[in-house]
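Visitor: Take a look at this one; I'll ask things after.
The values are calculated or read from the model by the stated rules, or taken from the named source; none is laboratory data. Keep in mind it's a predicted model, so treat the numbers as computed, not measured. Reconstructed Cβ throughout: ideal geometry from the backbone, glycine too, with neighbour counts over all protein chains shown.
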(Lines give C-alpha, C1' and ligand atoms only; values in the text may rest on other atoms or scores of the structure.)
Protein backbone atom coordinates (compact mmCIF):
# COMPACT_ATOMS: atom_id res chain seq x y z
CA UNK A 1 0.00 0.00 0.00
CA UNK A 2 1.34 3.41 -1.04
CA UNK A 3 -0.73 6.49 -0.20
CA UNK A 4 -0.18 9.86 -1.83
CA UNK A 5 -1.36 12.79 0.28
CA UNK A 6 -2.34 15.84 -1.78
CA UNK A 7 -1.99 18.96 0.32
CA UNK A 8 -1.56 22.47 -1.10
CA UNK A 9 -1.63 23.84 2.47
CA UNK A 10 1.00 21.57 4.00
CA UNK A 11 3.14 24.50 5.16
CA UNK A 12 0.29 26.25 6.98
CA UNK A 13 0.07 23.96 9.99
CA UNK A 14 2.36 21.57 11.85
CA UNK A 15 -0.53 19.12 12.26
CA UNK A 16 0.09 17.71 8.78
CA UNK A 17 3.69 16.91 9.66
CA UNK A 18 2.58 15.27 12.90
CA UNK A 19 0.08 13.05 11.06
CA UNK A 20 2.71 12.01 8.52
CA UNK A 21 5.28 11.22 11.21
CA UNK A 22 2.83 9.01 13.07
CA UNK A 23 1.75 7.25 9.87
CA UNK A 24 5.41 6.44 9.24
CA UNK A 25 5.86 5.19 12.80
CA UNK A 26 2.96 2.81 12.23
CA UNK A 27 4.50 1.50 9.02
CA UNK A 28 2.31 3.31 6.49
CA UNK A 29 4.18 3.91 3.22
CA UNK A 30 3.19 7.34 1.97
CA UNK A 31 4.32 10.58 0.35
CA UNK A 32 2.95 14.10 0.62
CA UNK A 33 2.59 16.12 -2.58
CA UNK A 34 2.83 19.85 -1.83
CA UNK A 35 3.00 21.91 -5.04
CA UNK A 36 4.12 25.33 -3.90
CA UNK A 37 4.91 28.86 -4.98
CA UNK A 38 8.55 29.58 -5.75
CA UNK A 39 10.25 30.64 -2.52
CA UNK A 40 7.69 28.88 -0.34
CA UNK A 41 9.33 25.46 -0.34
CA UNK A 42 10.13 24.06 3.10
CA UNK A 43 13.82 23.96 3.93
CA UNK A 44 15.24 20.63 5.10
CA UNK A 45 12.07 18.76 4.07
CA UNK A 46 11.28 15.27 5.36
CA UNK A 47 11.94 12.40 2.97
CA UNK A 48 8.24 11.85 2.26
CA UNK A 49 7.62 15.44 1.04
CA UNK A 50 7.43 16.19 -2.69
CA UNK A 51 7.35 19.97 -3.14
CA UNK A 52 7.86 21.22 -6.70
CA UNK A 53 7.79 25.03 -7.07
CA UNK A 54 5.36 25.09 -9.97
CA UNK A 55 2.83 27.73 -8.86
CA UNK A 56 2.81 31.53 -8.71
CA UNK A 57 0.94 33.95 -6.47
CA UNK A 58 -1.81 34.48 -9.05
CA UNK A 59 -2.71 30.82 -9.54
CA UNK A 60 -4.93 30.74 -6.44
CA UNK A 61 -7.25 33.22 -8.19
CA UNK A 62 -7.88 30.83 -11.09
CA UNK A 63 -9.16 27.53 -9.73
CA UNK A 64 -9.29 25.54 -12.98
CA UNK A 65 -5.98 26.86 -14.33
CA UNK A 66 -4.16 26.00 -11.12
CA UNK A 67 -5.59 22.48 -11.08
CA UNK A 68 -4.60 21.90 -14.69
CA UNK A 69 -1.05 23.07 -14.00
CA UNK A 70 -0.77 20.69 -11.02
CA UNK A 71 -2.30 17.70 -12.82
CA UNK A 72 -0.12 18.24 -15.89
CA UNK A 73 2.95 18.16 -13.64
CA UNK A 74 1.76 15.00 -11.90
CA UNK A 75 1.15 13.18 -15.19
CA UNK A 76 4.74 13.88 -16.23
CA UNK A 77 6.37 13.04 -12.91
CA UNK A 78 4.38 10.33 -11.13
CA UNK A 79 4.11 6.59 -11.74
CA UNK A 80 0.42 6.13 -11.02
CA UNK A 81 0.73 2.34 -11.11
CA UNK A 82 2.65 2.67 -7.84
CA UNK A 83 -0.04 4.71 -6.04
CA UNK A 84 -2.73 2.76 -4.19
CA UNK A 85 -4.79 5.63 -2.76
CA UNK A 86 -5.02 9.43 -2.69
CA UNK A 87 -5.66 11.30 0.56
CA UNK A 88 -6.86 14.82 -0.32
CA UNK A 89 -6.68 17.17 2.64
CA UNK A 90 -9.46 19.52 1.56
CA UNK A 91 -12.53 19.16 -0.63
CA UNK A 92 -11.98 21.74 -3.34
CA UNK A 93 -8.30 22.68 -3.61
CA UNK A 94 -7.00 19.14 -3.11
CA UNK A 95 -10.06 17.01 -3.74
CA UNK A 96 -10.51 18.25 -7.32
CA UNK A 97 -7.05 16.91 -8.15
CA UNK A 98 -7.81 13.49 -6.64
CA UNK A 99 -11.20 13.42 -8.39
CA UNK A 100 -9.68 14.18 -11.80
CA UNK A 101 -6.95 11.57 -11.42
CA UNK A 102 -9.42 8.93 -10.21
CA UNK A 103 -11.43 9.44 -13.38
CA UNK A 104 -8.35 8.79 -15.50
CA UNK A 105 -6.36 6.24 -13.48
CA UNK A 106 -9.07 4.54 -11.34
CA UNK A 107 -7.20 5.32 -8.09
CA UNK A 108 -9.55 5.63 -5.07
CA UNK A 109 -9.38 8.62 -2.75
CA UNK A 110 -10.51 9.93 0.61
CA UNK A 111 -11.19 13.63 1.03
CA UNK A 112 -11.41 15.93 4.06
CA UNK A 113 -14.00 18.72 4.32
CA UNK A 114 -12.73 21.82 6.10
CA UNK A 115 -13.95 25.23 7.23
CA UNK A 116 -12.85 26.92 4.00
CA UNK A 117 -14.77 24.35 1.94
CA UNK A 118 -17.99 25.06 3.80
CA UNK A 119 -17.71 28.79 4.51
CA UNK A 120 -15.85 30.01 1.43
CA UNK A 121 -16.27 27.63 -1.50
CA UNK A 122 -19.82 26.38 -0.93
CA UNK A 123 -21.20 29.63 0.51
CA UNK A 124 -19.43 32.24 -1.60
CA UNK A 125 -18.31 30.51 -4.79
CA UNK A 126 -21.59 29.11 -6.02
CA UNK A 127 -20.23 28.44 -9.51
CA UNK A 128 -18.01 25.72 -8.02
CA UNK A 129 -20.74 23.97 -6.02
CA UNK A 130 -21.34 21.26 -8.63
CA UNK A 131 -17.62 20.43 -8.59
CA UNK A 132 -17.73 19.98 -4.82
CA UNK A 133 -20.77 17.71 -5.12
CA UNK A 134 -19.01 15.59 -7.75
CA UNK A 135 -15.90 15.24 -5.58
CA UNK A 136 -18.07 14.03 -2.69
CA UNK A 137 -19.96 11.61 -4.92
CA UNK A 138 -16.79 9.94 -6.21
CA UNK A 139 -14.91 9.87 -2.89
CA UNK A 140 -14.46 6.46 -1.27
CA UNK A 141 -14.48 8.06 2.18
CA UNK A 142 -15.26 11.59 3.36
CA UNK A 143 -13.56 12.93 6.48
CA UNK A 144 -14.96 15.55 8.81
CA UNK A 145 -13.21 16.86 11.90
CA UNK A 146 -16.52 17.38 13.70
CA UNK A 147 -20.20 16.43 13.54
CA UNK A 148 -21.64 19.98 13.10
CA UNK A 149 -19.97 20.50 9.73
CA UNK A 150 -21.03 17.02 8.65
CA UNK A 151 -24.64 17.82 9.57
CA UNK A 152 -24.49 21.20 7.85
CA UNK A 153 -23.24 19.69 4.60
CA UNK A 154 -25.84 16.90 4.59
CA UNK A 155 -28.77 19.12 5.56
CA UNK A 156 -27.95 22.41 3.83
CA UNK A 157 -25.70 21.76 0.85
CA UNK A 158 -26.00 18.38 -0.87
CA UNK A 159 -29.12 17.28 -2.80
CA UNK A 160 -31.56 15.27 -0.69
CA UNK A 161 -31.30 12.25 -2.96
CA UNK A 162 -27.56 12.04 -2.22
CA UNK A 163 -27.77 12.47 1.54
CA UNK A 164 -28.05 8.78 2.50
CA UNK A 165 -25.23 7.58 0.22
CA UNK A 166 -22.86 10.30 1.37
CA UNK A 167 -23.68 9.75 5.03
CA UNK A 168 -22.59 6.11 4.73
CA UNK A 169 -19.17 7.24 3.47
CA UNK A 170 -18.53 9.85 6.17
CA UNK A 171 -16.11 9.34 9.05
CA UNK A 172 -15.62 11.91 11.83
CA UNK A 173 -11.96 11.97 12.86
CA UNK A 174 -10.65 14.93 14.90
CA UNK A 175 -7.26 16.51 14.60
CA UNK A 176 -4.63 15.47 17.07
CA UNK A 177 -2.66 17.82 19.28
CA UNK A 178 1.08 18.21 19.62
CA UNK A 179 2.45 15.32 21.72
CA UNK A 180 3.91 17.93 24.08
CA UNK A 181 0.47 18.45 25.62
CA UNK A 182 -0.15 14.74 26.16
CA UNK A 183 3.32 14.37 27.69
CA UNK A 184 2.71 17.30 30.04
CA UNK A 185 -0.78 16.79 31.41
CA UNK A 186 -1.58 18.89 34.45
CA UNK A 187 -0.14 16.78 37.27
CA UNK A 188 -2.62 17.84 39.95
CA UNK A 189 -5.03 15.03 40.72
CA UNK A 190 -7.92 17.30 41.58
CA UNK A 191 -8.76 20.97 41.75
CA UNK A 192 -8.80 21.01 45.55
CA UNK A 193 -5.05 20.34 45.56
CA UNK A 194 -4.34 23.37 43.38
CA UNK A 195 -2.71 26.38 45.02
CA UNK A 196 -5.40 28.67 46.40
CA UNK A 197 -5.95 31.80 44.33
CA UNK A 198 -7.85 34.95 45.17
CA UNK A 199 -11.45 35.00 44.04
CA UNK A 200 -10.61 36.56 40.67
CA UNK A 201 -11.88 34.51 37.71
CA UNK A 202 -9.18 34.19 35.07
CA UNK A 203 -10.65 33.67 31.62
CA UNK A 204 -8.33 32.65 28.78
CA UNK A 205 -8.46 32.75 24.98
CA UNK A 206 -5.59 31.60 22.74
CA UNK A 207 -5.45 32.22 19.01
CA UNK A 208 -5.32 34.83 16.29
CA UNK A 209 -6.92 38.08 17.39
CA UNK A 210 -9.61 38.91 14.87
CA UNK A 211 -13.36 38.95 14.31
CA UNK A 212 -13.57 35.22 13.50
CA UNK A 213 -12.16 34.24 16.90
CA UNK A 214 -14.74 36.54 18.50
CA UNK A 215 -12.79 37.74 21.53
CA UNK A 216 -14.88 40.93 21.62
CA UNK A 217 -18.06 39.03 22.52
CA UNK A 218 -16.16 37.28 25.30
CA UNK A 219 -14.98 40.66 26.57
CA UNK A 220 -18.59 41.88 26.68
CA UNK A 221 -19.51 38.73 28.63
CA UNK A 222 -16.72 39.53 31.09
CA UNK A 223 -18.11 43.05 31.42
CA UNK A 224 -21.49 41.61 32.42
CA UNK A 225 -19.78 39.57 35.15
CA UNK A 226 -17.81 42.59 36.31
CA UNK A 227 -21.06 44.53 36.64
CA UNK A 228 -22.27 41.67 38.85
CA UNK A 229 -19.32 42.42 41.19
CA UNK A 230 -17.23 39.50 39.96
CA UNK A 231 -13.48 40.02 39.81
CA UNK A 232 -12.46 39.26 36.24
CA UNK A 233 -9.25 39.02 34.25
CA UNK A 234 -9.49 38.17 30.56
CA UNK A 235 -6.15 36.93 29.22
CA UNK A 236 -5.75 36.93 25.44
CA UNK A 237 -2.73 35.17 23.93
CA UNK A 238 -1.90 35.32 20.26
CA UNK A 239 -0.94 37.25 17.19
CA UNK A 240 -2.90 40.37 16.27
CA UNK A 241 -4.14 39.99 12.69
CA UNK A 242 -6.75 42.78 12.84
CA UNK A 243 -5.44 45.96 14.49
CA UNK A 244 -8.80 47.73 14.44
CA UNK A 245 -10.41 44.75 16.17
CA UNK A 246 -7.68 44.73 18.83
CA UNK A 247 -8.22 48.45 19.36
CA UNK A 248 -11.82 47.72 20.35
CA UNK A 249 -10.62 45.06 22.81
CA UNK A 250 -8.13 47.47 24.37
CA UNK A 251 -10.91 49.64 25.81
CA UNK A 252 -11.69 47.00 28.47
CA UNK A 253 -9.64 47.48 31.63
CA UNK A 254 -9.73 43.81 32.65
CA UNK A 255 -7.96 42.51 29.52
CA UNK A 256 -4.36 41.31 29.68
CA UNK A 257 -2.76 40.82 26.28
CA UNK A 258 0.17 38.43 25.79
CA UNK A 259 1.80 38.07 22.34
CA UNK A 260 2.46 34.63 20.88
CA UNK A 261 4.53 32.52 23.29
CA UNK A 262 6.24 29.11 23.18
CA UNK A 263 4.56 25.93 24.43
CA UNK A 264 6.33 25.98 27.81
CA UNK A 265 5.12 29.48 28.63
CA UNK A 266 1.66 28.73 27.27
CA UNK A 267 1.39 25.65 29.49
CA UNK A 268 1.82 27.83 32.58
CA UNK A 269 -0.75 30.31 31.30
CA UNK A 270 -3.27 27.50 30.83
CA UNK A 271 -2.58 26.15 34.32
CA UNK A 272 -3.01 29.55 35.95
CA UNK A 273 -6.38 30.21 34.30
CA UNK A 274 -9.88 29.14 35.35
CA UNK A 275 -11.94 28.82 32.16
CA UNK A 276 -11.01 28.64 28.48
CA UNK A 277 -13.40 30.61 26.25
CA UNK A 278 -13.30 30.85 22.45
CA UNK A 279 -16.71 31.37 20.79
CA UNK A 280 -15.36 31.39 17.21
CA UNK A 281 -17.71 32.52 14.45
CA UNK A 282 -16.46 29.60 12.35
CA UNK A 283 -14.04 26.84 13.35
CA UNK A 284 -13.12 23.59 11.60
CA UNK A 285 -11.82 22.08 14.82
CA UNK A 286 -9.91 24.31 17.25
CA UNK A 287 -6.72 22.74 18.59
CA UNK A 288 -6.51 25.12 21.53
CA UNK A 289 -9.67 23.66 23.09
CA UNK A 290 -7.89 20.30 23.36
CA UNK A 291 -4.69 21.95 24.61
CA UNK A 292 -6.69 23.64 27.35
CA UNK A 293 -8.30 20.31 28.25
CA UNK A 294 -4.85 18.76 28.70
CA UNK A 295 -4.15 21.33 31.40
CA UNK A 296 -7.44 20.73 33.18
CA UNK A 297 -9.34 23.80 32.01
CA UNK A 298 -13.11 23.74 31.47
CA UNK A 299 -13.79 24.95 27.93
CA UNK A 300 -16.51 27.01 26.26
CA UNK A 301 -16.85 26.45 22.50
CA UNK A 302 -19.20 27.70 19.78
CA UNK A 303 -22.48 25.90 19.28
CA UNK A 304 -22.60 24.36 15.81
CA UNK A 305 -18.88 24.79 15.10
CA UNK A 306 -15.85 22.51 15.07
CA UNK A 307 -15.48 21.44 18.67
CA UNK A 308 -19.20 21.17 19.38
CA UNK A 309 -20.32 17.54 19.79
CA UNK A 310 -16.78 16.23 20.27
CA UNK A 311 -18.26 15.50 23.71
CA UNK A 312 -21.73 15.79 25.14
CA UNK A 313 -22.47 19.23 26.54
CA UNK A 314 -21.42 19.47 30.18
CA UNK A 315 -18.74 16.75 30.00
CA UNK A 316 -15.62 18.87 29.45
CA UNK A 317 -17.32 22.23 29.09
CA UNK A 318 -20.29 23.89 27.40
CA UNK A 319 -21.32 25.08 23.95
CA UNK A 320 -22.27 28.76 23.74
CA UNK A 321 -24.36 30.93 21.48
CA UNK A 322 -22.77 33.98 19.91
CA UNK A 323 -24.01 36.40 22.55
CA UNK A 324 -22.44 37.82 25.68
CA UNK A 325 -25.26 36.89 28.07
CA UNK A 326 -25.08 33.17 27.26
CA UNK A 327 -21.29 33.25 27.48
CA UNK A 328 -21.33 35.02 30.85
CA UNK A 329 -23.77 32.45 32.26
CA UNK A 330 -21.71 29.53 30.94
CA UNK A 331 -18.51 31.00 32.41
CA UNK A 332 -20.08 30.88 35.85
CA UNK A 333 -21.52 27.41 35.20
CA UNK A 334 -18.07 26.13 34.21
CA UNK A 335 -16.44 27.85 37.19
CA UNK A 336 -18.92 26.30 39.61
CA UNK A 337 -18.35 22.79 38.19
CA UNK A 338 -14.66 22.99 37.39
CA UNK A 339 -13.68 19.95 39.47
CA UNK A 340 -15.75 17.43 37.51
CA UNK A 341 -15.09 19.16 34.17
CA UNK A 342 -11.38 19.06 34.86
CA UNK A 343 -11.34 15.36 35.76
CA UNK A 344 -13.43 14.53 32.69
CA UNK A 345 -11.06 16.51 30.45
CA UNK A 346 -7.97 14.66 31.62
CA UNK A 347 -9.67 11.30 31.12
CA UNK A 348 -10.88 12.25 27.63
CA UNK A 349 -7.73 13.87 26.24
CA UNK A 350 -6.22 10.65 24.72
CA UNK A 351 -8.89 11.01 22.01
CA UNK A 352 -6.61 13.63 20.45
CA UNK A 353 -3.45 11.49 20.31
CA UNK A 354 -1.89 11.46 16.83
CA UNK A 355 -0.84 7.86 17.41
CA UNK A 356 -4.48 6.87 17.84
CA UNK A 357 -5.65 9.03 14.92
CA UNK A 358 -2.96 7.70 12.56
CA UNK A 359 -4.20 4.20 13.37
CA UNK A 360 -7.76 5.21 12.42
CA UNK A 361 -6.57 6.50 9.05
CA UNK A 362 -4.59 3.34 8.33
CA UNK A 363 -7.70 1.25 9.03
CA UNK A 364 -9.63 3.41 6.54
CA UNK A 365 -6.92 3.03 3.89
CA UNK A 366 -6.93 -0.75 4.32
CA UNK A 367 -10.73 -0.92 4.26
CA UNK A 368 -10.91 0.95 0.94
CA UNK A 369 -8.14 -1.09 -0.68
CA UNK A 370 -9.55 -4.39 0.53
CA UNK A 371 -12.90 -3.50 -1.06
CA UNK A 372 -11.14 -2.58 -4.27
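Visitor: Considering only residues that are in contact with a strand residue (DSSP E or B) (Cβ under 8 Å, 6 or more places away or on another chain), within 20 Å of residue 223 (Cβ to Cβ) and assigned to a loop (DSSP other than H, G, I, E, B), which ones fall in the stretch 251-278?
Guide: Hits for the stretch 251-278 are 252, 254, 273, 274.
Visitor: Go through the stretch 325-354 and give me each residue that's in contact (Cβ under 8 Å) with a residue 60 or more places away in the chain, surrounded by 15 or more Cβ atoms within 10 Å (Cβ to Cβ) and under 30 Å from residue 20 (Cβ atoms).
Guide: Across the stretch 325-354, the qualifying residues are 346, 349, 351, 352, 353, 354.
Each row is one residue, and each column tells you yes or no for (1) closer than 17 Å to residue 34 by Cβ; (2) touching a helix residue (DSSP H, G or I) at 6+ places or on another chain (Cβ under 6 Å).
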residue: 62; (1), (2): no, no
residue: 66; (1), (2): yes, yes
residue: 74; (1), (2): yes, no
residue: 79; (1), (2): no, no
residue: 83; (1), (2): yes, no
residue: 87; (1), (2): yes, no
residue: 93; (1), (2): yes, no
residue: 104; (1), (2): no, no
residue: 109; (1), (2): yes, yes
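Visitor: Checking residue 271 against (1) under 21 Å from residue 352 (Cβ atoms); (2) surrounded by 24 or more Cβ atoms within 10 Å (Cβ to Cβ), only one condition comes out false. Which one?
Guide: Just one mismatch for residue 271, condition (2).
Visitor: Might you check whether a residue that is crowded, with 23+ Cβ neighbours inside 10 Å, assigned to a loop (DSSP other than H, G, I, E, B), in contact with a helix residue (DSSP H, G or I) (Cβ under 6 Å, 6 or more places away or on another chain) and on the phi > 0 side of the Ramachandran plot occurs anywhere in the stretch 291-308?
Guide: yes
Visitor: Could you tell me whether the stretch 134-149 includes any residue that is over 16 Å from the mean Cα position of the chain (by Cα) and in a loop (DSSP other than H, G, I, E, B)?
Guide: Checked against the condition, which is being over 16 Å from the mean Cα position of the chain (by Cα) and in a loop (DSSP other than H, G, I, E, B), the stretch 134-149 yields at least one hit.
Visitor: Let me ask another. From 6, 42, 70, grab the single residue that is out of contact with any strand residue (DSSP E or B) (no Cβ under 6 Å at 6 or more places or on another chain), within 27 Å of residue 145 (Cα to Cα) and at pLDDT 95 or above.
Guide: 70
So that you can scan it fast, the table gives a plain yes or no per residue for (1) surrounded by 16 or more Cβ atoms within 10 Å (Cβ to Cβ); (2) at pLDDT 95 or above:
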{"site": "154", "(1), (2)": "yes, yes"}
{"site": "166", "(1), (2)": "yes, yes"}
{"site": "175", "(1), (2)": "yes, no"}
{"site": "179", "(1), (2)": "no, no"}
{"site": "186", "(1), (2)": "yes, no"}
{"site": "192", "(1), (2)": "no, no"}
{"site": "202", "(1), (2)": "yes, yes"}
{"site": "205", "(1), (2)": "yes, yes"}
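Visitor: Exactly one of these conditions fails for residue 4: (1) in contact (Cβ under 8 Å) with a residue 60 or more places away in the chain; (2) outside any loop (DSSP other than H, G, I, E, B); (3) in contact with a helix residue (DSSP H, G or I) (Cβ under 8 Å, 6 or more places away or on another chain). Give me its number.
Guide: The number of the failed condition is (3).
Visitor: Being without any contact (Cβ under 8 Å) to a residue 40 or more places away in the chain, surrounded by fewer than 24 Cβ atoms within 10 Å (Cβ to Cβ) and under 24 Å from residue 55 (Cα atoms) is the filter here; which residues of the stretch 106-115 pass it?
Guide: Matches in the stretch 106-115: 112 only.
Visitor: Which one is nearest to residue 79 (Cα to Cα) among residues in the stretch 23-56 that are surrounded by 12 or more Cβ atoms within 10 Å (Cβ to Cβ) and either more than 25 Å from the chain's Cα centre (by Cα) or not assigned by TED's automatic domain parsing to the domain that holds residue 8 (or both)?
Guide: Filtering first and then ranking leaves 52.
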